[in-house]
Each structure stands twice: as structure tokens, then as C-alpha cells.
Amino acid sequence: MTALIRNRRTGKIRVRKTQSSNLYMRGVLLVLAAITVYTLVTIDTKGADIAAASAKTAEYFWLMLTQPKAVPSHFGIQDGGGIGTFFSALHMLGITLALAFLTTLFGGIVALFLGVFAAGNLTNKKVSNGIKSFLAVVRAVPTVLWVLIFAIGAGLGSVAAVIGMSFHTISHLVKAYSESFEEIDEGVIEALRASGANWFQIVFQAVIPSSVSYILSWTFIRFEINFAVAVAMGAAAGAGGIGFQLFMAAGYFFDIREIGFITYLILAVSLIMEYLATRLKEKYHIHNGA
Amino acid sequence: MNSLLTNSEGAGTYLKSKRIRLFLFFVGLFAAAALSMAATNYHIEDSFTAIPKVIVWMARNLVPDGKSLTRLPKILDKLFETVLMSVAASVSAAALSFPVALAGSATSCKQRWLMYSARGVASFFRNIPIVAWAMIFLLTFGQSPFTGYVALFFASFGFLARAFIEAIDETAAAPVEALRAAGGSYGHIIFQGVLPSVLPQMVSWVLYMIETNIRSAALVGLLTGSGIGFTFSIYYKSLQYQSASLVVITIVAVVLVIEAVSNKLRRLIL
Amino acid sequence: MALLEVTSLTKYYGDTAALRDISFEVKKGEFVAVIGPSGSGKTTLIRCINRLIPASDGKIIFDKENILNLRGNALRKARAKIGMIFQHYNLVERLSVIENVLHGRLGYKSSLEGMFGVYSEEEKEKAFNIITLLGLDDYVYRRCDQLSGGQMQRVGIARALVQDPRMILCDEPISSLDPSSSKVIMDYLKKIQKEFGITVVVNLHQVDVAKKYAQRILGFNGGSLVFDDEPGELSKKQIYKIYGTEAGELIID
Ligand SMILES: Nc1ncnc2c1ncn2[C@@H]1O[C@H](COP(=O)(O)OP(=O)(O)OP(=O)(O)O)[C@@H](O)[C@H]1O
Ligand SMILES: [Mg+2]
């Protein structure tokens, strides 16, 4: 029988025995909080008046939300035409979606191939770990830098954008695909092997077909992410599309209401995709844990 | 299965319809790809020439030289600033996300309208492109590290709020029910039931957010002229690729270290 | 004397009736088992009694108060007098046994004290005594995710007991346990009822267990109360009435 632990000084019964996990948790929280406070106290604002700028931000935000409006000439429409502007904006949106689609498609094909070799139950540990560590390095480079690096070789544009955006896509999908391959019952693979199937037959007849719905859901989830990435690349790496329009509206024309208009368009697309992705996640019990 | 084997005609049509569906799927995929390539001016042959070209070019130019190494202290300084910014943005966004997540989780919120509004707010903030945040804050706060921080803060807020809502829904439902049944007040339920149950998951998400924010900081920095992204763009635009590559290498090193530390911490706090 | 008096209790989920016009009484210190097929409304009944879910209509008088009219602090006070034990234990698994047991005191605590887990020495002693009573004294400071199912359920019972309850409600307390742990748990529940005079209402899937432990059995079918009598009166015919002919035959074998 263990006795109660009492506080040495006060003699009170202790409720919480100090456990290492609790200590680490407290340590992590303390360190993070300290870094945050230090950063916020010392951060360089370059003399900006925070109160005034915050008020201005709120005002702009309100303007964006309540009075969105596009300027036709910014969308290459010469004579008036609200409808023409709207269709031109939709066209830009389509370009961004197309960039996201191509990235997801090419990235997905490469990832399917690498995913088979990264799955621990289909190859040996060395190959699988090798691919995983290589992809960890690939993932550590921000997407925008990948795009800019490829722009040196291919010029700014859709080719550099798609190749650059593919890296994180591949890294993400290889992880997702290989994990779903690893979930396949070991017995199924054993049975096929026993019946004389070779490695290719096992992969193409059993492994991929039985995880096809996971593959498709994860690919769609990545497509949703890639849409947001493509918007960002349009703005920061000259990939074109609606992201570039957003960049122009804000950085060149200084038109808050147009930022609002474009933001609404992007929001509409991403909310629809988020809804679909959520439905897929619920259907296949996918958890995207940290 | 048996009926399929004996009824060969049935099996035939079954396989045929499956094959037709597969065929249609690939036709659709090809059509969409062709359309996308046309819309974006994508020449597939360019991608095949570009990749080897870039690899050769990378091997030749992206190796830091002596001059770029003298810039290392300056680069590390900016990188340090960026890491601090990412931590601060992630942690302060988490502090705001938690109450929103409490309102947005079916477990901790019994008012339907409040729950749906909180979820709406989370979704709204999560889906506003980070570029829009960066550009607006650039207009109002000017070019400074603080602007980068605020942009990362808002982008993180929506993401974390949603992640926390899911965490509470998944792990806190059972204890919340027990504390309610024992006569606990709302404060008791949150502090004694929800918080201890979800804290490890929340910390795990914050660590993930820090990693993500360091990468996003490069993007935000390019747009708002702050942190490591700005440093990279200066070297990149002035064609000093050796120095630009040193920036990339230091980012990779920092991200890998932070990832390793996070994974270690995740195991320790569980 | 009736401790719990349920009159014309009705519960709808949308259009489906989960409880139809239920009336019964439970005497102070009685051991009552609730049986019935899956979906017959057992869980719904238990949860209506301590208002974890709102009833649609009827009256639930517990200790001379109509539970359905209570709000805020009065509802908390009433819930504090009713302990609850769950099939899946519903513990905060990362906290220690004693911290989980002390959660049973929250119904008596002011907001701030409870939020920060400040308990009096008497409360802690009491929690420790109950933990010892349930044979968990070796695990006082053990995290609950390191306990077996049977041990976790005993923590659940301790948490209910520390409330000083007049009545304990149990929703399938042994459905996730192996036979020997199940017996341990049922024996503790019986002991609580016998030695402390606490009323026990327990949902069960096992008719033989209900017959062995309960003084009275309530049988539900499709949301209606179709049997309310002593275990001795639970004839073949009555079992068919509760479970239907097919399932009933399996149960009787
Ligand atoms: N949250 C809910 N929403 C809608 N219907 C519900 C809900 N909870 C229960 N029901 C329905 O109410 C009826 C009674 O359910 P209840 O959970 O009380 O049954 P039970 O007797 O406890 O079953 P089991 O033995 O499987 O636990 C069932 O028809 C069930 O489908
Ligand atoms: Mg039930």
C-alpha cells in the first residue's frame, strides 16, 4: 500500500505527483511563452503607430468585406462591362485552379511511384527510410523558394510554378499514400506471395486497388491545399492567375475594394473545396494529426 | 464471389463496366490536364528540359562561395528573427484560437448558434489567402518585421482554431460528460476536463504551426520585405545566387532541427 | 418512501420516440436493474434522470424536487447528489487516479476553487479512503491511461462515491469488461447499496446478472416500460415480451 504524499512544509496532501510528462509540458509552455513575450516586446515596428495602423486595418477590412468591387481595366477589360470583368476574373481563377490541378496530377503520379517504395511493408527498411529522409529535406525548403529556383532555369511562369509546387505535394502525398499502403493486412500480401504472385502483381493487383479510395481522397485534400499555394505563388513568384491579380490590386493599384472582390472569389472556391474535403475525411475517417 | 464465378455472364459485364469507368476516369483526367495546360501556357516538353537544366545549374551555382560565407552572420541574424517571429505568431494565435475553439466544439458549447458562428469564423480566417493578409498589413503597418508577424498571426489563427475544434471534439467528449454529470460548472468542465485532455494535442499543433510558419515566413517576407524571405529576395534579384543558396541551406537546417526537436518533445509530453 | 419518482416521461429525438410515457418509482436504498434490447431507450432514460439530455415531457421527482425544472446552480446541486458510472469510464486519462476521483467533488465547489483543482484536506482524505475501499490504494498517483479496464471502472465508481450521492446511475458499467472484472464491479455496486444505503440504478445487457444482483427489474422495449417487478417474476413470457421471441430464446438458453 502506497502512502499519500504530503507536502514537507505544510503537511498537506499532494494531489499531483510530479510526472516527467507534466514537467516537460510545463517546460515547453514556459519556454514558448517566454519567447513570445520577448519577441513581442522587442519586435521592430520601424516606427509604425500600432494603434493608428490597427484602426486603419480594421477600416480597410471592413471596406473589403462590405464594398467589394473590381476595376475592369485591371482585368484587361476596356469598355465598362461588369459581366466581362467578372468572367475575366473567373478566367484568372481558372488559371490558378489549373496550376493547382497540374501540380496535384504530376506530384500525385510521382508520389504514387515513390509511395510504393516508401511503404515499409513493400520494400526494405533502407529504401523506405532513404526516401523518407530525402523528402524531409525537400519539404524543409519553402515552396516559394522552390518555384524561384526553378524560375532561374525555366523562367518565371507556369512550368517553374508547377515544378516548384510539386515538391511539397510529393512529400505530403508520399507520406499519405505509403501510410495507407502500410495499413493493408499483412495476410493479404502473404497469401498472394504464397500463390506465386510477384512483387509487381502484388502492388498493382492488390495494394493500389485496395487503397484507391484513400489515394483519391488524399489527392483531393492536397488539391485543396495546392489551390491556396497556387494563389500565393501567383502573388509572390509570378505564376499568374488570381493570385497575381491580388498582388497587383494590393501592391500596384492600392485598391482595397478590389482586394475584397478577389478575396471573396478565392474564399468561395476554397470554402467549397474545404467542405468537400471535410466530407471525404469524415467518410474515410482521415485524421490529419500534427 | 461465388455467384460471380458461376455466373460468367454477370462477371463479364461487371468487369466490363468497371473497365469502362476506369477508362472514362482517365479520359476525364487527360482532358482536364490538356485544358489546364492550355489555360496556363504549360509546355510539357519545357518541364523535361527544365529539370535537368536546373539540376546542372544548381550544382554549379548554388554552392556557397567564400564571399557568401562572410554574409553568414547577417543571414543567421535574420533567420533568428524569423524563428522568433514564427514562434510568437504561432503561440499568440493559439492563445486566441483556444476560446474560439471552445465555442466551436460541440463538446464544450451547447449553443448551436454560437458553435456555428465560431466554426464560421475559423473557416473564414483559415481560407483567406495569406497573401491577402500580407498585402493589407503592408499597406497599413508598412515594411517591418512586425507586419510579417501580424500576417502570420492571422493565417495561423484560423488554422489552429479548426485544429483545436477537432481535437476537443475527439478527445474531450467523455470527460466533459462525466464532469457535467457530477455537477461541475462550465469553468470546472473546461479547466479540469477539456484542458488536461487536449493540451498535449494542442501543443503538438502549435509545434507543427511553428515549423509551417518558418516556411511561410519566407513567402510573407518576400511580400512584406521582412525576415529571411526579404534577405533571400535581395540576393536573388541581384543575381547573387551563391548567397541566395546559403539562405536556402540555413533555412533547411533550421527547419530540420526544429522538426527533430518537435518530434522529440511530442514524445516527451504525451 | 420513493427517492425517485418518474411520471409520464417522454423523449423524442426529432420524430423518433426514444421513451414513451414512462412511469415508475425507485425506493430509497433499492438496487434496480434496467434491461432491454439495443435501442430500447435505456441510455436515454438514465441520461434524462440527471438531465444530461433534456426530456420532452413528464416529471422526474428526485429527493422531492422536479429535476426537469431546475437550472444553473440548483441543477448542479441536484447532479452532485446523483453519481454516474459510464461504460467507457469517461476519465481524464492523463490525470492521476486521485485527481479523477476528486472531480466528484466539483458539484460542491465554487467556480474558482474547482477550476484550479483546490480541494480541502477532508476532501482529499475522503477520496483516499474511497480509493482504498475500492482496492486501488497502490495506484493513487498512477495516470489513468496506465490502468486496466476494471481498474478504470473502479476509479469511475470512486469518483461517483466521493460525491456523497443519494443515488448512483450506471450505464452498462460492465459491457467493456471481462467476466471476472465484471463480477468485481457488480460486487462493489452491491456493497455500496448494502453498506451505505445508496440507491443504485444500473443498465445491463446481461439478464442473468440483473436477476442475480437486482431487487427490482425494469424491462424496456421500443421506448416503453413493459416490465416492472421483482426478479423472481421475470418469466420466460416476460423475457419474450422485452426482447422479442427470437432474442428471448437465446437469452433463456
Ligand atoms: N442523439 C440521438 N439522436 C437521435 N436519436 C437517438 C439519439 N440517441 C439515441 N437515439 C435513438 O433513441 C433510441 C433509444 O436509444 P438508447 O441509446 O437510449 O438505447 P439503449 O437502450 O441504450 O441501447 P443500447 O443497448 O444499444 O445502448 C434509439 O432508437 C436511438 O436510435
Ligand atoms: Mg445504451
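The values are calculated or read from the model by the stated rules, or taken from the named source; none is laboratory data. Predicted model only: the values in this text are computed from it and were never measured. All Cβ positions, even for glycine, are placed from backbone atoms using ideal geometry, and neighbour counts span all protein chains on display. These accessible areas exclude ligands, DNA and RNA; they are computed on the full protein's heavy atoms, side chains included. Shrake-Rupley method; radii C 1.70, N 1.55, O 1.52, S 1.80 Å.
Under 5 Å between amide H atoms, partner at least 5 residues away or on a different chain: which partners does C:ARG143 have, H built in plane at 1.01 Å?
Amide H neighbours of C:ARG143: none.
Please give the total accessible area that chains B and A bury against each other, computed with a 1.4 Å probe and expressed in Å² to the nearest 100.
6600 Å²
I'd like the distance between the alpha-carbon centres of the range B:82-140 and the range C:213-240, rounded to an integer number of Å.
53 Å
In the range C:74-88, which residues become less accessible by 50 Å² or more once every protein chain is in place, relative to the chain on its own, using a 1.4 Å probe?
Checking the loss per residue gives C:ARG76, C:ARG79.
For a quick protection proxy, order the peptides C:175-185, C:159-169 by their average other-Cβ count within 10 Å, most packed first.
Put in order of decreasing packing, that is C:159-169, C:175-185.
For the protein assembly as shown, with all protein chains present and a 1.4 Å probe, just round the carbon and sulfur fraction of the accessible area to a whole percent.
61 percent
C:LYS59 to A:SER54: FRET efficiency via 1/(1 + (r/R0)^6), r the Cβ-Cβ distance, R0 60 Å, to the nearest 0.05?
Efficiency at R0 = 60 Å is approximately 0.60.
Quick one: which of C:LYS124/C:LYS194; A:LYS56/B:LYS78; A:LYS12/C:LYS81; C:LYS81/C:LYS236 span more than 30 angstrom between C-alpha atoms?
From the list (C:LYS124/C:LYS194; A:LYS56/B:LYS78; A:LYS12/C:LYS81; C:LYS81/C:LYS236), the Cα-Cα distance tops 30 Å for C:LYS81/C:LYS236.
Mind checking A:96-104 for the average number of partner chain beta-carbons within 10 Å of each residue's beta-carbon?
4
Compare A:ILE272, A:ILE170, A:ILE43 in a GNM of chain A, Cα atoms joined below 10 Å, and give the one with the largest fluctuation.
A:ILE43
Rounded if a/c is under 1.5, else prolate if a/b beats b/c, else oblate: with a ≥ b ≥ c from the C-alpha gyration tensor eigenvalues square-rooted, which is the range A:2-43?
Prolate, since a/c reaches 1.5 and a/b exceeds b/c.
Averaged over peptide A:150-162, how many Cβ atoms belonging to another chain are found within 10 Å of each residue's Cβ? Mind dumping the intermediate values first?
Working: counts 7, 3, 11, 11, 8, 2, 0, 5, 9, 12, 4, 2, 6.
Partner Cβ neighbours, averaged per residue: 6.
Under a plain spin-label model, where a point goes 7 Å from the Cα along Cα-to-Cβ, how far apart in nm are A:LEU30 and C:ASP137?
About 3.5 nm separates the two model spin labels.
Please report the spacing between the Cα centers of the range A:15-34 and the range A:177-219 in Å, no decimals.
43 Å
For chain B, what are the DSSP H helices with axial Cα length of 20 Å or more and mean Kyte-Doolittle hydropathy of at least -1.0?
Answer set is B:8-40, B:44-61, B:72-104, B:112-127, B:145-171, B:195-224, B:241-269.
Only helical DSSP H runs with n ≥ 4 go in: add -39500 (n - 2.57) per run for chain A, normalise by residue count and round the 222 nm mean residue ellipticity to 500 deg cm²/dmol.
Mean residue ellipticity at 222 nm (helix-derived): -24000 deg cm²/dmol.
Gaussian network model of chain A, Cα springs within a sub-10 Å range: biggest mean-square fluctuation belongs to which of A:ILE163, A:ILE189, A:ILE35?
A:ILE35
Packing-wise, with mean Cβ within 10 Å as the measure, how do A:8-21, B:19-32 rank, highest first?
Highest to lowest by the protection proxy: A:8-21, B:19-32.
Filter the trypsin sites (Lys or Arg not before Pro) in the range C:20-77 down to the DSSP loop ones having no more than 10 other Cβ atoms within 10 Å, then list what survives.
C:LYS64, C:ARG71
Less than 16 Å apart at the alpha-carbon level, and either on another chain or at least 8 residues along: which aspartates and glutamates does that give for B:LYS18?
B:GLU9
Between B:PHE48 and B:LEU199, how high is the FRET efficiency from 1/(1 + (r/R0)^6) when r is the Cβ-Cβ distance and R₀ = 56 Å? Nearest 0.05.
Values: r = 50 Å, r/R0 = 0.89.
Efficiency, rounded to the nearest 0.05: 0.65.
Specify the residue with the greatest mean-square fluctuation among B:TRP113, B:TRP205, B:TRP133, computed from a Gaussian network of chain B linking alpha-carbon atoms under 10 Å apart.
Maximum fluctuation in the GNM of chain B, among the listed residues, is at B:TRP113.
Show me, bin by bin at 20 Å from 0, the whole-percent P(r) of the protein assembly as shown based on Cα pairs.
Reading the bins upward from 0: 13, 37, 33, 16, 1.
Using a 1.4 Å probe, what is the accessible area per residue for the range C:1-81, in Å²?
On the way: 3640 Å² over 81 residues.
Here the residues of the range C:1-81 average 45 Å² of exposed surface.
Would the range C:205-253 count as rounded, prolate or oblate if I go by the C-alpha gyration tensor, calling it rounded below 1.5 in a/c and otherwise prolate when a/b exceeds b/c, oblate otherwise?
oblate
Counting only pairs 8 or more places apart or on different chains, how many lysine pairs in the range A:66-284 have C-alpha atoms closer than 19 Å?
Counting lysine pairs in the range A:66-284 gives 4.
Suppose a student asked you for the relative contact order of chain C, using Cα pairs under 8 Å spaced at least 6 residues apart; what percent would you report?
With pairs under 8 Å counted, the relative contact order is 27 percent.
Please report, in debye to the nearest 20, how large the charge dipole of the range C:1-108 is about its Cα centre when each Lys and Arg carries +1 at its beta carbon and each Asp and Glu carries -1 there.
On the way: 16 positive and 10 negative charges, 65 e Å.
Magnitude of the dipole: close to 300 debye.
Relative contact order of the range B:66-269: what whole-number percent is it, with Cα pairs under 8 angstrom and at least 6 residues apart?
28 percent
Once you order the gyration tensor axes a ≥ b ≥ c over the Cα atoms, which shape class does chain A get: rounded for a/c under 1.5, otherwise prolate or oblate by comparing a/b with b/c?
On the way: a/c = 2.28, a/b = 1.16, b/c = 1.97.
Judged from the Cα gyration tensor, chain A comes out oblate (a/c at least 1.5, b/c at or above a/b).
Could you point to the residue in A:TYR38, A:LEU23, A:ILE13 farthest towards the positive end of the range A:2-43's charge dipole, with +1 and -1 charges on the Cβ of Lys/Arg and Asp/Glu respectively?
Farthest towards the positive end: A:ILE13.
Grab the alpha carbons of chain B, take their convex hull, and tell me the volume per residue in Å³.
253 Å³
Of the listed peptides A:191-202, B:91-102, what is their order by residue-averaged count of other C-beta atoms within 10 Å, with the highest listed first?
B:91-102, A:191-202
Evaluate peptide C:123-132: per residue, the Cβ atoms of other protein chains within 10 Å of its Cβ; return the mean as an integer.
Average neighbour count from other chains, rounded to a whole number: 2.
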